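Here the structure comes first, spelled out in structure tokens, and everything after it is commentary.
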Amino acid sequence: MSKFDVCALGELLIDFTENGLSPQGNPIMEANPGGAPCNVLSMLCRQGYKTAFIGKIGDDIFGRQLRETVEDIGINTEGLVTDRFVNTTLAFVHTLEGGDREFSFYRNPGADMMLNESDINEKIIAESRIFHYGSLSMTNEICEAATKKAVAAAESSGALISFDPNLRENLWDNLETAREKIEYGLSHCDILKISDNEIRWLTGENDFDAAVKMIREKYTNISLLLLSLGKDGSRAYSQSGYASAPITPANTIETTGAGDTFCGAILGRILEYGMRDFSDSELKEMLVFANAAAGIVTERKGALKVMPTMSEISDMIRMNTNNRA
């Protein structure tokens, strides 16, 4: 029996999010723990799954805050390394009208970029049912080598591999490099979670079904493709099944972590059902569940510490169903 249900690798950082104005009219920034891979694990912990994280933080007040937060959530930190020389990565998030965000990163370098091959705890990966990662752990040669070592370990152990491109254009030297690394991720995953803007950028297609067809024909290793469409809901494509679901109406404050919540909710369903060629109805149920979880997170500040409980998700689905009746 596996020790962990899901192990994730990647960035762990502080999201400074806007939280009102000071008496002088200056924006007040709240130091929210974040980072896409750990957000995914937090949602999985809420569903009762055992998780572990592999990454690197700085030996500073923010690194200590992050380690304490991750441990409090219940995520195993045996693979979380501290760098004595490079500070924890910081992101400043400006919320736009409608809840979308604009990011300014302080990561040149940041501790997460310093994760190297010798830092990778392959035992944790070997003891996990699913390995999850994104593209930001491939933005320089050091962390790219570490990421590829971890992916190879996951493939060797027979773990399911989940990939989320999580494109942040301003963290790449150029977008051709970003494309190359993201294409590596596409060729080394069983489960792909991708957003509407990412799939347009990657394929040049505005027709989402055509874009998905292009990806699936090129990357035959992908068994399940999940497409998040923001205000237009989400879609899921298994080998022979298809489903779509509208968003769950929410009083959106900001969208930070919504895609990660969606991804964590879906991975939880996969752990519950077992990986297979899901039917249309199974995919629909998964999307409704994941959309509800993501909708709840948009009503809250931050992501890592505010993931919804199972009862909150059930209540949201029930309320939405009753409203449509």
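Laboratory data are not the source of any read-out in this text; all were calculated from the coordinates shown. None of these values were measured; they are calculated from a predicted model. Here Cβ is always computed from backbone atoms with ideal geometry, including for glycine, and neighbour counts include all displayed protein chains.
Placing unit charges on each Cβ (+1 for Lys and Arg, -1 for Asp and Glu) gives segment 4-324 a dipole about its Cα centre, and among ALA292, THR51, GLY79 the Cα reaching farthest toward its positive end belongs to ALA292. Evaluated with a Cβ-only charge set (Lys, Arg +1; Asp, Glu -1), segment 1-96 carries a dipole of roughly 240 debye about its Cα centre, given to the nearest 20.
With N the number of residues in segment 12-107, Rg(Cα) / (2.2 N^0.38 Å) evaluates to 1.18.
The H on the amide N of TYR242, modeled in the peptide plane, is under 5 Å from the matching H of ASP280, each at least 5 residues off or on a different chain.
Across the chain, the mean sequence separation of Cα contacts (distance under 8 Å, 6 or more residues apart), normalised by length, yields a relative contact order of 17 percent.
When the Cα positions of GLN239, ILE222, GLY259 are compared along the charge dipole of the chain, GLN239 comes out farthest toward the positive end, with charges on each C-beta of Lys, Arg, Asp and Glu. Just name one of ALA36, PHE62, CYS143: the one whose Cα is farthest towards the positive end of the charge dipole of the chain (beta-carbon charges, Lys/Arg +1, Asp/Glu -1). The listed residue farthest towards the positive side: ALA36. Segment 4-324: D in µm²/s via Stokes-Einstein (Kirkwood Rh, Cα pairs, 37 °C, 0.692 mPa s)? Using the Kirkwood radius from Cα pairs, D works out to 168 µm²/s. When +1 charges are put on Lys and Arg Cβ atoms and -1 charges on Asp and Glu Cβ atoms, the dipole computed for segment 4-324 relative to its Cα centre reaches about 520 debye. Within the listed set ILE130, ILE247, ILE61, the Gaussian network model of the chain (springs between alpha-carbon atoms below 10 Å) gives the highest mean-square fluctuation for ILE61.
A cut-off under 15 angstrom between Cβ atoms defines the neighbours of CYS189, and their net charge, with Lys, Arg +1 and Asp, Glu -1, is +1.
Here the contact order of segment 1-108, divided by its residue count and restricted to Cα pairs under 8 Å and six or more residues apart, works out to 28 percent. Across PRO37, PRO249, PRO165, mean-square fluctuation computed from a Gaussian network of the chain (C-alpha pairs under 10 Å connected) peaks at PRO249.
For the chain, the number of Lys pairs with C-alpha atoms closer than 13 Å, counting only pairs eight or more positions apart or on separate chains, is 4.
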